[in-house]
Structure formats: C-alpha cells, structure tokens
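Presented below is the structure to which this report refers.
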Amino acid sequence: MTNKTTEVLKYLQKNKSITSIEAIDKFGATRLSDIIFRLRDKGYNIVTNKEECIDRYGNTCYFGRYVYLGKEKNLDELWNGFISWGNV
C-alpha cells in the first residue's frame with residue numbers, strides 16, 4: 001500500500017469516516033475515490049453515504065462520505081474459523 005493509502009486506512013480505522021475535503025486537508029490525498037477503490041479491493045468494507053450541504057451561494061450540493069465498517073473476511077478465513085469450532 002502507498003503511504004497515503006496507509007494513512008487513509010489508519011484514519012478510517014480510528015475515525016470511522018472520511019470525505020474528500022478531509023483527505024486533501026489531512027494527507028494531501030486528492031484521489032480519495034481511488035484509495036477507497038484499492039482498499040475495497042483488499043477486502044476492507046467501506047460504504048459511501050451521500051450527504052447534503054449548502055454551498056456559499058445558497059445552492060444545495062452533495063458529497064460522499066466514506067464509512068469504514070471493518071475488514072471483510074475472505075472465504076478461507078471463514079472456512080478456517082468454521083473448522084476451528086469443530087464443525088467439520
């Protein structure tokens with residue numbers, strides 16, 4: 001994982017969510033959607049929540065907040081846990 005990806009992951013694990021503005025401000029990460037894509041590809045369960053705000057001109061705008069739900073277990077991990085409980 002790249003340094004920015006690692007930093008974003010640590011932040012998500014601690015704070016549970018992040019927006020693009022927060023990623024730019026805290027880590028200089030301008031491609032948060034790519035970082036989230038790569039984390040999801042590695043098995044991290046991250047969902048996108050649509051949030052609404054009012055911009056400086058009074059217009060309604062929307063942005064995504066990425067929410068960390070934990071690390072998904074792959075099938076091997078689930079199977080090994082199943083075996084360890086004496087189910088087979």
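What follows draws every value from the coordinates through simple rules; no lab data is involved. Because the structure is predicted, anything quoted here is derived from the model rather than measured. Please note: Cβ atoms are built from the backbone with ideal geometry, for glycine as well, and neighbour counts cover all protein chains shown.
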**Rounded D (µm²/s) - segment 3-84, Kirkwood Rh over Cα pairs, Stokes-Einstein at 4 °C, 1.567 mPa s** = 92
**Request:** Compare the peptides 13-19, 64-70 by average per-residue count of other Cβ atoms within 10 angstrom and give them in order, highest first.
**Result:** 64-70, 13-19
**Fill in**
Counting only residues 5 or more apart in sequence or on a different chain, those whose built amide H sits under 5 Å from that of ALA29 are ILE24
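For THR48, what charge total do you get from the other residues with a beta carbon under 12 Å from its beta carbon, if Lys and Arg give +1 and Asp and Glu give -1?
+2
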**Message:** Less than 10 Å Cβ to Cβ from THR19, Lys/Arg counted +1 and Asp/Glu -1: what total charge do the surrounding residues give?
**Reply:** -2
**Item:** Selection from ASN3, PHE63, ASN49, by position along the positive dipole direction of segment 3-84 (Cβ)
**Value:** ASN3
**Complete:** Sorted by chain and number, the residues with a modelled amide H under 5 Å from that of ILE46, at a separation of 5 or more or across chains, are LEU69
**Spin-label zone in segment 1-26 - amide nitrogen under 16 Å from a point set 7 Å from the Cα of ARG38 along the C-beta vector** = 1-12, 23-24
